[in-house]
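> Have a look at this one.
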């Protein structure tokens with residue numbers, strides 16, 4: 001019998017892991033904030049809530065970090081913070097407003113939940129999306145807002161005369177709007193993190209309504225439009241003739257979303273004209289539009305979008321490859337070959353795709369030897385399509 005118990009314990013371990021991370025983690029924390037003259041109750045309560053969240057985030061971060069170590073996730077400290085922020089769901093348990101001296105103190109009690117079942121899934125997203133810098137930017141903005149509001153409250157207390165008081169109160173109102181802008185922006189990021197794209201767009205729109213010059217909100221709303229568009233499947237299986245067909249209504253809806261994204265990126269660029277990252281977003285969106293119009297067979301319009309992308313970033317190989325593919329689809333084989341040649345020169349690391357595509361153009365132009373040469377080069381570079389095409393050709 002004594003041999004049975006170790007076997008039973010080992011079997012139970014298969015069903016009940018011993019690392020202690022199978023339960024939903026719940027954290028209760030409190031936050032306070034003293035509202036001063038010129039501040040509004042709604043923002044004062046939000047600041048108290050933010051303080052409660054920070055306390056909960058610290059404990060939740062320790063939990064997530066321990067889980068990550070047990071599961072051997074390779075995450076940095078910053079990535080742990082981003083992951084924890086994305087995982088944490090907050091419920092307000094209680095809130096109070098009490099009189100303290102000549103002002104009010106706001107108190108908030110919350111329950112923060114962290115579901116371990118989602119950690120592995122979202123850990124990959126943190127790596128893929130590289131949201132660490134955005135997270136740091138938001139936290140710095142909150143810290144700056146807190147410093148600014150405390151300084152303004154001190155100035156208001158020392159202000160002499162109604163005119164000076166009104167000036168400080170106006171600056172407090174402006175600072176509160178900035179705080180609310182950051183709040184909505186952070187909500188938008190969390191909604192996008194959770195793939196709730198409609199709510200993310202609404203949150204970014206609220207941030208823009210509060211601050212029409214907040215470039216990051218335009219950028220992230222534009223990215224959300226594109227991500228939302230890309231989850232929609234263009235092809236469907238037609239059971240009648242057992243083939244895949246294009247759903248043109250989906251393509252049209254994608255075009256609408258890409259157009260909105262381009263408008264947002266252009267607005268962000270008008271706010272920060274020298275920002276190269278914004279140009280990268282615009283180029284990517286223009287390429288997407290080119291690809292969508294190409295799928296519709298509207299090659300002239302597609303080429304116009306690729307032309308715009310190239311005009312913005314002539315040193316980028318990607319738009320040349322896209323335009324080359326459209327030229328090929330429209331039968332302009334020599335133009336396609338020129339574009340693929342340009343892409344190969346601009347980015348040798350990107351040349352596997354371009355060389356393979358150029359091979360297709362040569363083949364369609366009855367230049368079989370050149371086509372085979374290009375496919376062999378692409379295959380040698382590790383571009384598997386080149387290898388597969390050569391094998392298929394040998395079987396013919």
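Every number here is computed from the coordinates shown, using simple stated rules; none is lab data. Bear in mind that the values here come from a model prediction, so they are computed numbers and not experimental data. Cβ atoms come from the backbone with ideal geometry, glycine included; neighbour counts cover every protein chain shown.
> Once percent of Cα pairs over 30 Å apart is worked out from the coordinates, which option in (1) 59; (2) 32; (3) 38 does it equal?
Answer by label: (1).
> Label points 7 Å out from Cα along the Cβ direction at residue 120 and residue 275: separation in nm?
Modelled inter-label distance: 3.7 nm.
> Let me ask something additional. Taking neighbour counts of Cβ atoms within 10 Å as a proxy for exposure, in what order, fewest first, do 67, 258 appear? Provide the component values of the computation, followed by the final result.
Working: 67 21, 258 25.
With the fewest neighbours first, 67, 258 line up as 67, 258.
> How much FRET efficiency would the formula 1/(1 + (r/R0)^6) give for residue 94 and residue 24, where r is the Cβ-Cβ distance and R0 is 30 Å, rounded to 0.05?
On the way: r = 21 Å, r/R0 = 0.69.
After rounding, the FRET efficiency stands at 0.90.
> Now, a different point. Given Cα pairs under 8 Å that are at least 6 residues apart, what percent is the relative contact order of the range 21-212? Before the final figure, lay out each step's value.
On the way: 252 pairs, mean separation 44.3, N = 192.
The value is 23 percent.
> Taking 0.36 nm per intervening residue step and subtracting the Cα-Cα distance, what contour gain separates residue 392 from residue 296 on full extension?
31.7 nm
> Rounded to the nearest 0.05, what FRET efficiency do residue 159 and residue 105 give with R0 = 22 Å and r taken as the Cβ-Cβ distance? Could you check? Provide the component values of the computation, followed by the final result.
Numbers: r = 22 Å, r/R0 = 1.02.
In this case the efficiency is close to 0.45.
> Continuing with this model, one more query. Got the relative contact order for the chain handy, in percent, Cα pairs under 8 Å and 6 or more residues apart?
Numbers: 521 pairs, mean separation 32.9, N = 396.
Taking the mean separation of contacting Cα pairs over the length of the chain, I get 8 percent.
> Could you identify which residue out of 139, 167, 81 has the top mean-square fluctuation in a GNM of the chain using Cα springs shorter than 10 Å?
Checking each option, the largest mean-square fluctuation is seen for 167.
> Relative contact order for the range 168-229: what percent, with Cα pairs under 8 Å and sequence separation of 6 or more?
Working: 56 pairs, mean separation 19.7, N = 62.
That works out to 32 percent.
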